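The values are calculated or read from the model by the stated rules, or taken from the named source; none is laboratory data. This structure is a prediction, so every number in the text was calculated from the model and none was measured. Counting neighbours? That spans all protein chains shown, and the Cβs are built from the backbone with ideal geometry, glycine included.
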Amino acid sequence: MYRFSFAQATGAGRAALSRRCVPWPGRRVAPPFIAVMLALVAPLAHPAGGLYVGAEAGVAMAQKLQSTRVNTGVPTNCDQWLGPAVLNDGTSVPLPPGQCQPRVLPSSPNDFDLDAGWLAGVQVGYALDRVRVEAEYFHRRQGGESLPLVVPGDDKQQEFVERNEGIDDLGAHHLFANLYYGFGNGNSRFTPYVGVGLGAMRVKLDYAATSIRNSDRDALLALGRNPNAAGTTSRADESLSDTLWGYQLIAGLDYSLSPASALTVKLRYGDAFGDFEDDDNEWKPLRDHASTTGPGGAPVRYGIKADDFGFWSVSVGLKFFLD
């Protein structure tokens, strides 16, 4: 037979109220266990409102990121860096600059599966009864993958024995204004909530691509290309960035640790409204030389356009009320 104070076990400040507990036959009930369970479900006053700060960390998971490389290039036979040659039809290359105009080359998107990564952030907000407004900053980081690049309809595809591209080390700085609504009734430590946020994200990613031409000069001649390009490599290696507007949808659960602090578990989905674009990048190298049409010539550049920046995250954090 055990005696314990229900008021002490719950911490609710009730008048001394005692009861006797008789264990079931053959079983013993440990008072500390009962006290812990009652404390978990006992009411604990939430702050009616006020300023708070918070921090969180968790796991971020992205959906497929679709990326398209856009080239405004000069054909192989217009490359003034390559030595002179005569094609099978008797044409002398490289062609005079006046016959060569930059053109948009065919492109094809690739879908990249980004790795699961991490997310960490801080918040400052103001709570008023069930409604909270909040400013939030968080950063997420994820790895990527490399894929073969096949561009249907591109007559240059036949020149290459290897052609691939990859995206890696995607990082995003997010700054959001959030609005929350809580469903707690003040009689429980648990407060479910939902929220929505609008803001901006600064996205950075590492882009790499390699295109290696056939080293067989006769194979390039058969394609009508300058055979001096045989075996040359064009390579992209750049950190790209863009700023996008975005949104997030949030659902979570607060658990009060004290009248001035709470543990929170948060599930969110975020995405960007527009497309990522970075279109001012030079090749390193282009056909084994500088990214130009020839000595003193105009630069040859490529751009990357990407969309589907949606991501999920699950995080755990703490909130501390300052008022």
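A quick yes/no check of all residues on (1) at pLDDT 95 or above; (2) surrounded by 19 or more Cβ atoms within 10 Å (Cβ to Cβ); (3) among the hydrophobic types (A, V, I, L, M, F, W, C):
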position	(1), (2), (3)
ARG163	no, yes, no
ASP168	no, no, no
PHE176	yes, yes, yes
LEU179	yes, no, yes
ASN185	no, no, no
ARG202	yes, no, no
ASP206	yes, no, no
THR210	yes, no, no
Checklist entry - Quick one: would you say ARG225 is in the same structural domain as ARG130 (by TED's automatic domain parsing), of a type in the set (Lys, Arg) and surrounded by fewer than 20 Cβ atoms within 10 Å (Cβ to Cβ)? => result no
Checklist outcome for this item: Those residues of the stretch 125-175 which are in contact with a strand residue (DSSP E or B) (Cβ under 9 Å, 6 or more places away or on another chain) and polar (S, T, N, Q) amount to GLN142, SER146, GLN157, ASN164
Item to check | Residue that is surrounded by the most Cβ atoms within 10 Å (Cβ to Cβ), among those in the stretch 230-262 that are touching an Asp or Glu at 6+ places or on another chain (Cβ under 7 Å) and farther than 19 Å from LYS305 by Cα | outcome: ALA262
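Identify, from the list LEU244, LEU221, the residue that is among the hydrophobic types (A, V, I, L, M, F, W, C) and in contact with a Phe, Trp or Tyr (Cβ under 9 Å, 6 or more places away or on another chain). Explain how you work it out, then say what you get.
Details: LEU221 fails: in contact with a Phe, Trp or Tyr (Cβ under 9 Å, 6 or more places away or on another chain).
The conditions single out LEU244.
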Next on the checklist: Looking only at the stretch 227-275, filter to residues that are among the small types (Gly, Ala, Ser) and in a loop (DSSP other than H, G, I, E, B); which one of those is farthest from PHE160 (Cα to Cα)?
Outcome noted: ALA260
Checklist entry - Taking the stated definitions as given, is ASP89 modelled with pLDDT of 50 or more, loosely packed, with under 13 Cβ neighbours inside 10 Å and acidic (Asp, Glu)? => result yes
Checklist outcome for this item: ARG301: passes all of (1) at pLDDT 95 or above; (2) over 22 Å from LEU175 (Cα atoms) but (1)
Checklist outcome for this item: For the stretch 280-320, the count of residues that are within 30 Å of ARG132 (Cβ to Cβ) and either of a type in the set (S, T, N, Q) or in a strand (DSSP E or B) (or both) equals 10
Next on the checklist: Cβ contacts < 8 Å: first residue free of Cβ contacts under 8 Å to residues at least 24 places away in the same chain, restricted to the stretch 218-241; second residue exposed (fewer than 15 other Cβ atoms within 10 Å of the Cβ), any location; separation 6+ or different chain. Result?
Outcome noted: ALA230/SER215; ALA230/ASP216; GLY231/SER215
Checklist outcome for this item: Picking from GLY121, GLY144, the residue that is surrounded by 14 or more Cβ atoms within 10 Å (Cβ to Cβ), modelled with pLDDT of 95 or more and under 19 Å from LYS204 (Cβ atoms) would be GLY121
Checklist outcome for this item: With the first residue restricted to the stretch 47-63 and required to be closer than 22 Å to PHE321 by Cβ, and the second required to be modelled with pLDDT under 95 and acidic (Asp, Glu), Cβ contacts under 6 Å at 6 or more apart or on different chains are GLY50/ASP323; LEU51/ASP323
Next on the checklist: Quick check on GLY195: is it surrounded by fewer than 19 Cβ atoms within 10 Å (Cβ to Cβ) and among the small types (Gly, Ala, Ser)?
Outcome noted: no
